[in-house]
Amino acid sequence: MESDLAEMPLNDEPTMRDDEDTPETVPVPHALVPHLNETAILLDIDGTLLDLMPTPREVWVPPGLSDTLNRLVERTSGALALVSGRSLNDIDLIFAPDVFRAVAGHGAEMRLSLDNEADDVHAPPLDKELKRRLAAIAKLSPGILLEDKGYSLALHYRLAPHAEKAIYESVSLIRADLPNAPIEVLPGKFVCEIKHSGFTKASGVRELMKHEPFKGRRPIFIGDDVTDETVFAIMPDMDGLAFSVGRRAIGVNGHFDAPRDVREFLARLLDNPSM
């Protein structure tokens, strides 16, 4: 990984910025993580571990990554978890045949044991009528892809970036009609996700860190998107470290240029046999 990470162009995400108050680089692995047996490694997937693709179904696991993750699981005595907006089922399909502990669906699902499909589901399914109205937004453009997770509904528009404004305006109109509905809108990289309020990636990580093998360890979280900011914010409470990918985010300890740099960093954590 390069010691001086290149700057990336900004977009309209208000809490991601590039200025002299944000950190420039990520330290070398052995200095950052001196003892893997005292560390919990928490990793977002899309845009962090894996490169973004035109559609969610097109992402793929590069050669060597599964081996790196499995070796880190062994070296941390199991204290590695994927923290994603994707469902557990989706995560398992991507990484098959490997199975990892995970906080999924922005905190709606959790897997604490590799023997269980899911240990906890925090969110009830979205109201059917609400989902029907939200799903109709996909008709605004043939490039909008609809993803139904049960407890949330995502509108992906990487193939129709021109539709972004219309999507959010349509969602706002629906929310105005249902002011008491317990829902939350999550903006992301070319995705608008509508979910039940009351759970986030941060709430999922807080719960995860109460359980073995994560309990009592120092967490390191790496993420790239707006939805990861809730986890960035709680890392100081746990004496943890946070790193962003693609741009420098407020409140992180450093940043990576791209997922390939994250993958290299994780592989280099294994280079030191004393860690």
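Taking the Cα centre as origin and putting +1 on Lys and Arg beta-carbons and -1 on Asp and Glu beta-carbons, what dipole magnitude results for the range 128-196, to the nearest 20 debye? If you can, show how the numbers build up before the last one.
On the way: 11 positive and 8 negative charges, 24 e Å.
Here the range 128-196 has a charge dipole of around 120 debye.
If the limit is 26 Å between Cα atoms, which of Lys195/Lys215; Lys128/Lys215; Lys139/Lys165; Lys149/Lys215; Lys131/Lys201; Lys131/Lys215 go over it? Before the final figure, lay out each step's value.
On the way: Lys195/Lys215 28 Å; Lys128/Lys215 38 Å; Lys139/Lys165 14 Å; Lys149/Lys215 29 Å; Lys131/Lys201 22 Å; Lys131/Lys215 37 Å.
From Lys195/Lys215; Lys128/Lys215; Lys139/Lys165; Lys149/Lys215; Lys131/Lys201; Lys131/Lys215, over 26 Å: Lys195/Lys215; Lys128/Lys215; Lys149/Lys215; Lys131/Lys215.
With every protein chain left in place, what is the accessible area per residue of the range 209-275 in square angstrom, probe 1.4 Å?
Values: 2500 Å² over 67 residues.
Here the per-residue accessible area is 37 Å².
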Q) Considering only Tyr157, Leu178, Tyr168, whose Cα is most displaced toward the positive end of the charge dipole of the range 128-196, charges sitting on Cβ of Lys, Arg (+1) and Asp, Glu (-1)? A) Tyr157
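If you roll a 1.4 Å probe over the heavy atoms of the protein chains, what accessible area per residue do you get for the range 128-196, in Å²? Working shown, then result.
Numbers: 3560 Å² over 69 residues.
Accessible surface, normalised per residue, equals 52 Å².
With only alpha-carbon pairs counted, each pair once and no self-pairs, how large is the Kirkwood hydrodynamic radius of the range 55-98 in angstroms? Working shown, then result.
Working: mean 1/r = 0.0870 Å⁻¹.
So the Kirkwood estimate lands at 11.5 Å.
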Q. Of the heavy-atom accessible surface of the range 128-196 (probe 1.4 angstrom), what whole percent is carbon and sulfur?
A. 58 percent
(Q) Tell me the Rg and the Dmax, in Å, that the Cα atoms of the range 128-196 produce. (A) 10.9, 32
**Q.** Longest to shortest principal axis, alpha-carbon extents of the range 129-275, angstrom
**A.** 56, 31, 25
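The values are calculated or read from the model by the stated rules, or taken from the named source; none is laboratory data. The shown structure was predicted, so the numbers you read here are calculated from the model rather than taken from an experiment. Using ideal geometry, Cβ is built from the backbone for each residue, glycine included, and neighbour counts are taken over all protein chains shown. Side chains included, ligands, DNA and RNA excluded: accessible areas come from the protein's heavy atoms. Shrake-Rupley method; radii C 1.70, N 1.55, O 1.52, S 1.80 Å.
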